[in-house]
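Asks: Mind looking over this structure? Questions follow.
Each reported figure results from applying straightforward, stated rules to the coordinates on display, with no laboratory input. Quick caveat, the model's predicted, so the values are computed rather than measured. In this analysis, Cβ positions are derived from the backbone assuming ideal geometry, glycine residues included, and neighbour counts consider all displayed protein chains.
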Amino acid sequence: MKATAAIKTISDSSKVQNYLISLRTHSHYPASNDIVILLNSMSYFMFKNSETMCLAALTIANFGFSQYETLIKSIDDKIKTRIIIEIMIKCSNMKIVKTGRFFDRYFESLS
C-alpha cells in the first residue's frame with residue numbers, strides 16, 4: 001500500500017511531470033541530485049523514511065530512463081547503475097536513522 005501511494009503521488013505530481021518534460025526538452029537522462037531535490041520539495045515525501053524516499057527516487061529515475069530511451073537513445077547500463085547507486089546512497093544519508101542499516105531495512109521493507 002505504501003509503494004502504491006508513493007507511486008501514485010509521483011505519477012500525479014506536476015513537479016515530476018515538469019522534471020520529465022525538462023529532461024525530454026534538453027535530451028538529458030535523470031540525475032540523482034535532481035531527483036532527490038525534487039522529492040524533498042514535495043510535501044508528501046518531506047517526513048517519509050529513507051526507504052520510501054529511495055523507492056520514490058528510483059521510480060522517478062525509471063520514468064526518466066524509459067522516456068529517454070523511447071525518445072532519444074538507449075542509456076548504457078553502467079550509467080544507469082551509477083545513477084541508481086547514487087540515489088540509494090543519497091537516500092540512505094538523508095534521513096536520521098535510529099535503528100539498523102539502511103540497505104537491510106530497505107530490502108526487509110520490500111518483502
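Asks: Take residue 31 and residue 58, extend 7 Å from each Cα along the Cα→Cβ direction, and tell me the distance between the two endpoints in nm.
Replies: Taking the two extended label points, one gets 2.3 nm.
Asks: Under a 10 Å cutoff between Cα atoms, tell me which one of 49, 18, 40 has the largest fluctuation in the Gaussian network model of the chain.
Replies: 18
Asks: Work out how much length residue 24 to residue 67 would gain on full extension: take 0.36 nm times their residue separation and subtract the Cα-Cα distance, in nm to one decimal. Write out the running numbers ahead of the final one.
Replies: On the way: separation 43, 0.36 × 43 = 15.48 nm, distance 0.74 nm.
Length gained between residue 24 and residue 67: 14.7 nm.
Asks: Work through the residues other than residue 32 whose Cβ is under 10 Å from its Cβ and net out their charges, Lys, Arg +1 and Asp, Glu -1.
Replies: Numbers: positive: 82, 90; negative: 34, 86.
Taking every other residue near residue 32 into account, the sum is 0.
Asks: From the helices alone, meaning DSSP H stretches of at least four residues, give me the mean residue ellipticity at 222 nm for the chain, per-run term -39500 (n - 2.57), in deg cm²/dmol to the nearest 500. Write down the numbers at each step before the final one.
Replies: Working: 6 runs with 82 residues, N = 111.
Dividing the helical sum by the residues of the chain leaves -23500 deg cm²/dmol.
Asks: Right, another one. Hull surface divided by four, with the convex hull built on the Cα atoms of the chain: how many nm²?
Replies: Numbers: hull surface 27.9 nm².
Result: 7.0 nm².
Asks: How far, in nm, would the chain grow between residue 2 and residue 42 when pulled straight, counting 0.36 nm per residue and subtracting the alpha carbon separation? Don't skip to the end; give the middle numbers.
Replies: Details: separation 40, 0.36 × 40 = 14.40 nm, distance 1.62 nm.
That works out to 12.8 nm of additional length.
Asks: Sum up the lysine pairs in the chain that clear both bars: alpha-carbon distance under 23 Å and a spacing of 8 or more or different chains.
Replies: 18
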